[in-house]
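Let me begin by presenting the structure, written as structure tokens, before commenting on it.
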Amino acid sequence: MAKELRVGMIGYGFMGRTHSNAYKRLNDFFQVEHRPVLKAVCARNAEKAQAFADNWGYERIETDWKKLVEAPDIDLIDIGSPNNTHKEIAIAAAKNGKMIVCEKPLAMTVAEAEEMVAAVEAAGVPNMVWFNYRRVPAIALAKQVVDEGRIGRPFHYRATYLQDWTIAEDVPQGGAALWRLDSAVAGSGVTGDLLAHSIDTAMWLNGPITRVVGKTETFVKERMHAETGKKQPVTIDDACMFLAEFANGSMGTFESTRYARGRKNFNTFEMNGADGSVYFDLEEPEYLQYFEYKQLQSGKKKESHLTGWVKIHTTNGEHPYMKHYWVPGTCIGYEHTFLNALADFVAGVESGKPTQPDFRNALQTQKVCDAVLQSAREGRWLDTGVTL
Ligand code: SOE
């Protein structure tokens, strides 16, 4: 007999849609005991919340999140609202004994994230942060390759996360669609929004980032605020680059911007070790590129005229997550990364082995983000204090 997982969704933007899709499709693809029920969506604008509820099939709407987190017919609170709302909602939801899944970045600052970790741990409620890119099969395969020891001692890690949607000076800041440009709501710019993804993946593959030195830039200094109609200073980082040292002895470079003309969601990484390398590019999401050196050396010939990178099409049943979908050679999409994350979360709840990244794990990413921003302000290397 299926157990109901009664969902209370907060926010109806881009992430509200990706998460809602995941709840609706979970049982079609994954054999878990829980069956999500779309109980309520909450947003301040009742008309927009109702339109979202009608479209996605939520039973009712709420306009006050405080009512939703107290509602007895809700098991799980999904925080898909802007960053400045995460802390208060998560703490209240934890006090009410709800499971919580929260969009990234976990919080505006490390101090906020620490309060959230304390709240979920005191309440003992299952929790997860939606770092969905861990659930791209090719990235999960990279993790497997690294954990199997195939690339050996790591030397380098190189990540980019590039977009181009804020170049025009007349793009306003603030408001429903553009809160990511308003630091009072977002906390930071590309560091929290994009580099948080890169940092999460990097520490998943390598372990802790111990020290960083960063440089940020804000190219457009003033933008009209969508709510006040007035030109206001822009205080988010439009671009951020940082160097990193990992506890495993590897060196990292990270680059992120919303000013890379032509790049829409260019999320890449490469990891180079003594025995091999892996490379991933989200614009070709079903491929993991792998260079294998060790096996070559153990063969008869030391070098071969056929030596080179292997481009692995990660669509076989034995690739991460793929046995749940179609036949080899057929792909899954961006939306499935959220479905895979939800399946892992629910499986973790059912097995008692919580899936990662939970709030405590995402706090470590927040520490790196905060250290990078502080380092950029102060122009010096800083310890991150990450404890993974
Ligand atoms: C910003 O444009 C954004 O939507 C991020 O907020 C997401 O986390 C990223 O995955 C795609 O880009």
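The numbered conditions (1) within 10 Å of the ligand (Cβ to nearest atom); (2) without any contact (Cβ under 8 Å) to a residue 12 or more places away in the chain are all true for Trp165 except (2). Candidates are the residues of region 98-119 that are crowded, with 24+ Cβ neighbours inside 10 Å and over 17 Å from Met15 (Cβ atoms); the one that is nearest to the ligand (Cβ to nearest atom) is Ala113. Taking (1) touching a strand residue (DSSP E or B) at 6+ places or on another chain (Cβ under 7 Å); (2) part of a loop (DSSP other than H, G, I, E, B); (3) away from the ligand (no atom under 16 Å from the Cβ) in turn, Val145 satisfies each apart from (2).
Restrict the check to region 155-171 and report whether at least one residue is in a helix (DSSP H, G or I), buried (at least 22 other Cβ atoms within 10 Å of the Cβ) and not aromatic (Phe, Trp, Tyr). No, region 155-171 contains no residue that is in a helix (DSSP H, G or I), buried (at least 22 other Cβ atoms within 10 Å of the Cβ) and not aromatic (Phe, Trp, Tyr).
Every condition in (1) away from the ligand (no atom under 16 Å from the Cβ); (2) among the hydrophobic types (A, V, I, L, M, F, W, C); (3) not in a loop (DSSP other than H, G, I, E, B) holds for Ile139 except the one numbered (1). Within region 83-97, residues that are farther than 16 Å from Ala111 by Cβ reach partners that are in a helix (DSSP H, G or I) and at pLDDT 95 or above with beta carbons closer than 6 Å, at six or more positions or on different chains, in the pairs Ile89/Trp65; Ala92/Val69; Ala93/Val69; Ala94/Ala119; Ala94/Val120; Ala94/Ala123; Asn96/Val69; Asn96/Glu70. For region 168-177, the candidate set comprises residues that are among the aliphatic types (A, V, I, L, M) and under 14 Å from Phe219 (Cα atoms); within that set, the residue that is nearest to the ligand (Cβ to nearest atom) is Val171.
Residues of region 172-209 that are in a helix (DSSP H, G or I), without any contact (Cβ under 8 Å) to a residue 60 or more places away in the chain and small (Gly, Ala, Ser): Gly175, Ser183. Highlighted here are the strands (runs of 3 or more DSSP E) found entirely within region 217-298 that include at least 2 residues which are under 23 Å from the mean Cα position of the chain (by Cα): 239-246, 251-257, 266-273, 276-281, 287-292. Taken together, the residues in region 120-131 that are at negative phi and either within 16 Å of the ligand (Cβ to nearest atom) or free of Cβ contacts under 8 Å to residues at least 40 places away in the same chain (or both) amount to 7. Screening Pro154 on (1) more than 15 Å from the ligand (Cβ to nearest atom); (2) under 24 Å from Asp383 (Cα atoms); (3) under 18 Å from the mean Cα position of the chain (by Cα) shows it passes everything except condition (3). Filtering region 57-70 to residues that are on the phi < 0 side of the Ramachandran plot and surrounded by fewer than 19 Cβ atoms within 10 Å (Cβ to Cβ) leaves Glu59, Arg60, Thr63, Asp64, Lys66, Lys67, Glu70. Among helices (runs of 4 or more DSSP H) entirely within region 1-112, having at least 1 residues that are under 20 Å from the mean Cα position of the chain (by Cα) and not small (Gly, Ala, Ser) singles out 14-29, 86-95.
The residue of region 356-387 that is surrounded by the most Cβ atoms within 10 Å (Cβ to Cβ), among those that are more than 14 Å from the chain's Cα centre (by Cα) and assigned to a loop (DSSP other than H, G, I, E, B), is Thr384. Restricting attention to region 242-279 and to residues that are out of contact with any Asp or Glu (no Cβ under 8 Å at 6 or more places or on another chain) and of a type in the set (A, V, I, L, M), the residue that is farthest from the ligand (Cβ to nearest atom) turns out to be Ala274.
Rundown of residues vs (1) more than 16 Å from the ligand (Cβ to nearest atom); (2) of a type outside the set (Lys, Arg); (3) more than 19 Å from the chain's Cα centre (by Cα), yes/no style:
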residue	(1), (2), (3)
Tyr133	no, yes, no
Gly149	yes, yes, yes
Tyr161	no, yes, no
Ser188	no, yes, no
His197	no, yes, no
Ala202	no, yes, no
Pro208	yes, yes, no
Gly214	yes, yes, yes
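Is region 280-293 home to any residue that is touching a Leu at 6+ places or on another chain (Cβ under 9 Å) and within 16 Å of the ligand (Cβ to nearest atom)? Within region 280-293, one or more residues are touching a Leu at 6+ places or on another chain (Cβ under 9 Å) and within 16 Å of the ligand (Cβ to nearest atom).
Residue-level check: of (1) in contact with a Gly (Cβ under 7 Å, 6 or more places away or on another chain); (2) surrounded by fewer than 22 Cβ atoms within 10 Å (Cβ to Cβ); (3) not hydrophobic (A, V, I, L, M, F, W, C), Glu4 misses just (1).
Using the structure shown, decide if Asp238 is among the acidic types (Asp, Glu), away from the ligand (no atom under 16 Å from the Cβ) and farther than 15 Å from Thr201 by Cβ. No: the conditions fail for Asp238.
The values are calculated or read from the model by the stated rules, or taken from the named source; none is laboratory data. Being a predicted model, the structure only gives us computed values, none of them experimental. With ideal geometry, Cβ positions are generated from the backbone for all residues, glycine too; neighbour counts draw on all protein chains shown.
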